[in-house]
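Working notes for the structure below.
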Amino acid sequence: MTTKKPAAPLYTPEQRQRRDATPWTLVQGILAPVQFLVFLVSLTMVLRALVTGEGVGAATASVVVKTLVLYAIMITGAIWEKRVFDCYLFAPAFYWEDVFSMLVLALHTAYLGALFTGALGPHALLLLALAAYGTYVVNATQFVLKLRAARLGAAAADAARASASLQAVGGQS
């Protein structure tokens, strides 16, 4: 019978302390849902423009706003990662999320490049926005699952420590 090795915690105790102490954690906690809300509004506008052909200008503007919010969360996220893990990107705990974030950033930046150079027409731009948004959804899911697993792992570790403490106290009586 094979026993499953417990997953390594996402944060060491020192990293957890730095995470809790830095104001960048709050910034990320605010920007993430703001970005998701901007994404939902923009996605609706992009889909409407693709289906009806109406509101292309508004959809285009919404993608630009979404991209600017993405840049904000990427820059502040890199600062957060530096404060917590002592490197701006690709900390082992978030390596694959950061790798995929580069694809998200590249597609959003390609959208801006194509928009400002006129390299793509309106329909192709909207399709590029959808591709960028698809990668964003995958990346956001990566982060949510990672943070959820970390929260569950921390809760299990806390429960195990509490149980061990109770057993130690019970054994002393």
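The values are calculated or read from the model by the stated rules, or taken from the named source; none is laboratory data. Quick caveat, the model's predicted, so the values are computed rather than measured. Every residue, glycine as well, gets a Cβ built from its backbone with ideal geometry; the counts of neighbours run over all protein chains shown.
May I ask you to list pairs of residues, at least six apart or on different chains, whose Cβ atoms are under 7 Å apart, with the first in the stretch 81-95 being of a type in the set (Lys, Arg) and the second being in a loop (DSSP other than H, G, I, E, B)? Sorted first by the residue in the stretch 81-95, then by its partner, the pairs are Lys82/Tyr88; Arg83/Thr22. What do you reckon, is Ala124 hydrophobic (A, V, I, L, M, F, W, C) and assigned to a helix (DSSP H, G or I)? So Ala124 passes the test. Determine whether Tyr136 is more than 30 Å from Ala150 (Cα to Cα), in contact (Cβ under 8 Å) with a residue 24 or more places away in the chain and among the aromatic types (Phe, Trp, Tyr). So Tyr136 fails the test. Selection over the stretch 51-90 of residues that are crowded, with 17+ Cβ neighbours inside 10 Å, over 22 Å from the mean Cα position of the chain (by Cα) and of a type in the set (S, T, N, Q) gives a count of 1. Being in a helix (DSSP H, G or I), of a type outside the set (Asp, Glu), closer than 18 Å to Tyr136 by Cβ and touching a His at 6+ places or on another chain (Cβ under 7 Å) holds for only one residue in Leu43, Leu70, Leu47, and it is Leu70. Would you mind stating whether Leu145 is of a type outside the set (D, E, K, R) and either within 18 Å of Thr22 (Cβ to Cβ) or modelled with pLDDT of 95 or more (or both)? Considered against the rule, which asks whether it is of a type outside the set (D, E, K, R) and either within 18 Å of Thr22 (Cβ to Cβ) or modelled with pLDDT of 95 or more (or both), Leu145 comes out as no.
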